[in-house]
Structures are given as structure tokens and as C-alpha cells.
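The values are calculated or read from the model by the stated rules, or taken from the named source; none is laboratory data. Bear in mind the structure is a predicted one, so any value in this text is a computation, not a measurement. Quick reminder, even Gly has a Cβ in these numbers, built from the backbone with ideal geometry, and neighbours come from all protein chains shown.
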Amino acid sequence: MPTNLLTAMLALSVAGVDASNPQQAVETIGTSREGRPIELTILADPIETAHERPAVLVVAGLDGGHRVGPELTRALIDRLGARHAEILDEVTFYLLPLGNPDGAAGGRRGNAGTLDLDRDGMLDEDPPRDLDGNGMITMMRRAAPPLDDPATHLPDPADPRLMIEPDPARSERATHTLYIEGIDADGDGLIGEDGPDGVDPLRNFMHRWPEYEQTSGPFPLSENASEAIASFVLSRPNLIAAVVYGPHDNLIRVPDTDGRDRAGGSPRELAPDDKDGHLAVSERYRALTGQIHSEHTDDAGSLHGWLYAYRGIPAYASTGWGRPEAADPVEEIDDELPTPRNPDDALWLAYSDQVRDGSGFVEWSPFEHPQLGAVEIGGWVPGFRSMPPEGEIETLAAGHAEWIAELARNRAIIETSGPEIETIAGDLSRIRIGLRNVGRVPTRTHQATRNRANRPTNIRLDCDPELVIEGRMLTQVERIEPGELVVLEWTVRNRPDRPISITVEDPVLAASTLIPVVISQ
């Protein structure tokens, strides 16, 4: 990673923060393995009461190689404060641009830990290498490999730059072996298999934690970044939604609503009852950001998975940027020529060729490998498929800021009505109050009510218990749908010298209402 880019990325956690702006503050929530601060920007008006209102959390940079997330989040700090300031007195935004500063500093996905990926008792002894000296590490392909290293791929007949696996139904035969660019430094027969990569914080959270993979850590929350974020989340019950930028996506790709975790207790990705609400948010995401394509990697152990499955918080995973439209080689190709086997790769290649002057793909070039002999080096430019062209971040951020601000505006809002007081007989009175959700979403996800992670709405009758004839002193309402009216009532004895009031508290919506009850004599 170029030094100037690295410096810019490491400064993203505080970039755009104006110390004199009363709507902004920076809080250090943890420290990386190498001592770098993990800093959170808070946007609220006024900042002194930021934690006393509902909040949206935005996290980026847990994958140290995912550059667009930190840059996009830095731009969001500017835009939310400048273009959507009207919402800051109602909703707080917590934005963490660079969750894994050590990974960004090392130009790698994981953190600063060391792993024995090939389990040979040595650490980082066989990293990928830039053999051809072009400043990047791509791939190597070897034609007609020996029997002890059998071929696994062949060039795509539609475009020989792309490599595909053979299809037995087409009577295809593998002709090449693929490797990461590098050598076999430790003599175990593997190429570049044990490089300097640490634990991936995005595989270190509890939900579906991959316990047998080294990159997921020795146990959940073993890493500084994941532990710091989890601690922050647990300390902030006012979170109404979260957005995580990284290699995962559940906005363009429809999440799995059928699968369960290994214990069968939590949905693999999304509970069926929450699907409609999630799809409505994802539809607005596509409309406001203009993003219609996305990459996706396995999200076992992910932050957004834990936020939703364990905490019941609506959590949206976004790559931030996906492949723009380009001429479709599948449609334009002659009918007599083969169709590209992997349409997505073919479309990325068309985008690289037609829009980016071929800058996304290194053409295969012959190279005499010191161990393998004749090979070709080439393939996708690292980061090309996850980072937009320079200068597009601000345009991209405009749509993302509008979408995130809409998430905040469409939150659940509880309005109270009453009390209505009816004299029954003598000194007996009936008290009624109403709670209506006038927002656009339910007060809780179905998953939150299922695992009871987020506390319910509490309605407390404050008076001498001896006055209560009928009704609960404390009523808990798990979920209120948009537009739904919940009516509660009590029968009490009227004693002028003993005051009665009703308190409505919602820890997630950061709302508290005191309703005095005055019974006429």
C-alpha cells in the first residue's frame, strides 16, 4: 500500500472532525494490539446529551484491506453533520471509520497478530511475494503441471484471461494450476501459504463463530477491536440500527431466512418475521445509493450477524460500492462464440476494459519461476473490485448519507395519550393510557423479542400499592407495530393525599415520559 494512502487511511478515524463544532466529539473506545487508538466519532445536537437519544451505529475498517469503508465513513461524518443536521437533535450517530488500524497499517485484512496458517510450527515464514516487481501481488498459472501437482483450472473459452474450473458435463479437462504469486519458502510444497496476516475481527464475533479457523481467533472477542466494539454496544442500549461496511452484504443480496445456527436457536442470517422490514430498507438502499451489484463473503463470526442474532438490532452489511454497469459481454457476444462461464467475472472485466482502461486486470505474462519453471503471472489488481475510482467517494457518500439519515427518520416513535379517568363507584376510578407507535418501523425486531436482548418498553404505575385494585404496577410491552395502539388500564382507589403517576420508559428509543394522574373529587 502506498505510503500516502496508508497515512490517509490511518488518519480517517479523526478526519473531518471539527473540534470546535458543538455537534461533534471523538471517543476512544479501545486500543489495537500495536497501541493505535480505536476512535469513534459522535454526532449529536447537543453533544452533551448524545447518549440520551436513539442512535445509529456505523462501523468500517474492521477488514484492514477494505479501503472504501473507512473513506466512505469519513465522508459520512462530514455529510451527516452538514447536510442532515436537522436530525441530530433527535438521533445520535456513532461512526467508527477505522476499526482495525493495525490491519490498515500492515496492508492486510487481519490485525497485527501472528498465525501459523500452515501449522508447521513457524510464523509468517512463507508470505506471498511480488516476483515480477510490478508493485502488486496477483496470481500465477502453470500450464501442464506434473502429476504430483495436478491441474485444477482451464482458461475460459470466452475469454482466456479468466480461469474456470472444468465442467465434466462439457467434457472439459483442467490444464492449469493456480497459485498466489510467491515461492515455496519453507519446502512444504505450498506457495505463499503462510504470510503475515493476523486474526480477522470480522470473524471474531459470537454468532456462527468459525472455531476451527485460525483467522477467526482462539475464542470469540479475543481481539482488541472486536472486544472494544462489543463492549461499546453492550453499554449503549439506545442503538436502533447499525451499518457495517466491509466484505459482507445483506442489502443487495437477499439474506437467508431459512437456515439456523448449529444450535438451532438463532437464524443463520435473518428471521422470517423480519424479512419484509429488511427488504424495505434494502430497496431504499438501492434507490438512494444507486448500488445494484455487490460482492459477498461468508459472514460467519461477523459483527452484523452478532448485532442482529444476539442483540436484536437491525444490522445492515454493505460493501459500500459494487460493480457499476458496463457493456454486457454476455449479450453483445456473437451467438456462435462461447458464453462466459462466470458472468460476474466477465462483467468486471468488461468494466475494467471499457471504463477503467484495463486498469483492473494484469495481463498474463511469462515468468521463469525458480521452483515451478515456466509460469504466467497476472490476474485481478488487488482491491480493484472493492474500491471505486478516485474522486467518486463524495458522490457515493451522498447517497449513503441520505439512506442512513432516512433510517434515523423512519425509526419507531412512541406517543402517549391520556390519562382517561372514569369514576366507577365511590372512591374507585379506572385509569387508561394509550401508547401508539407513530414511526415507520416496529419498536423491536422479532429477533429482539425472541432472544430478549433488548429490554422492552416499561410502563410503571407509581403509587402506593395498596391503592391498586386491578392492573399491574409494572407492564412490559415487547413490540409495538407501526400505527399500533396499545391501551393499558388500572382500577385504583382515590386518596387525595397519595399521588399517582405513570412513567413510560423505552431504553432503546431513549424515551421517558412522566404522566401525572389527577382524579377529580
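Here is how the numbers come out for the structure above:
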item: Arg452 being surrounded by fewer than 19 Cβ atoms within 10 Å (Cβ to Cβ) and either in contact with a strand residue (DSSP E or B) (Cβ under 6 Å, 6 or more places away or on another chain) or over 26 Å from Ala425 (Cβ atoms) (or both); result: yes
item: Selection status of Pro37, in contact with a Leu (Cβ under 7 Å, 6 or more places away or on another chain) and at pLDDT 95 or above; result: no
item: Strands (runs of 3 or more DSSP E) enclosed by segment 435-521 - at least 2 residues per element that are touching a residue at least 60 places away in the same chain (Cβ under 8 Å) and either among the β-branched types (Val, Ile, Thr) or outside the structural domain of Leu234 (by TED's automatic domain parsing) (or both); result: 485-493, 500-506, 511-517
item: Subset of segment 437-449 that is among the hydrophobic types (A, V, I, L, M, F, W, C) and buried (at least 17 other Cβ atoms within 10 Å of the Cβ) - its residue that is modelled with the highest pLDDT; result: Val441
item: Inter-residue pairs, beta-carbon under 8 Å, first assigned by TED's automatic domain parsing to the domain that holds His51 and polar (S, T, N, Q) and in segment 217-245, second surrounded by fewer than 24 Cβ atoms within 10 Å (Cβ to Cβ) and in a helix (DSSP H, G or I), 6+ apart; result: Asn238/His51; Asn238/Glu52
item: Some residue of segment 374-395 being surrounded by fewer than 20 Cβ atoms within 10 Å (Cβ to Cβ), at pLDDT 90 or above, assigned by TED's automatic domain parsing to the domain that holds Leu162 and acidic (Asp, Glu); result: yes
item: Every residue from segment 131-155 that is at pLDDT 95 or above, among the charged types (D, E, K, R) and either within 14 Å of Val381 (Cα to Cα) or over 35 Å from the mean Cα position of the chain (by Cα) (or both); result: Asp132, Arg142
item: Entirely in segment 151-248, the strands (runs of 3 or more DSSP E) that have 1 or more residues that are of a type in the set (Ser, Thr, Tyr); result: 176-180, 239-245
item: Scope segment 156-176; condition over 35 Å from the mean Cα position of the chain (by Cα) and within 21 Å of Ala374 (Cβ to Cβ); matching residues; result: Pro160, Arg173, Ala174, Thr175, His176
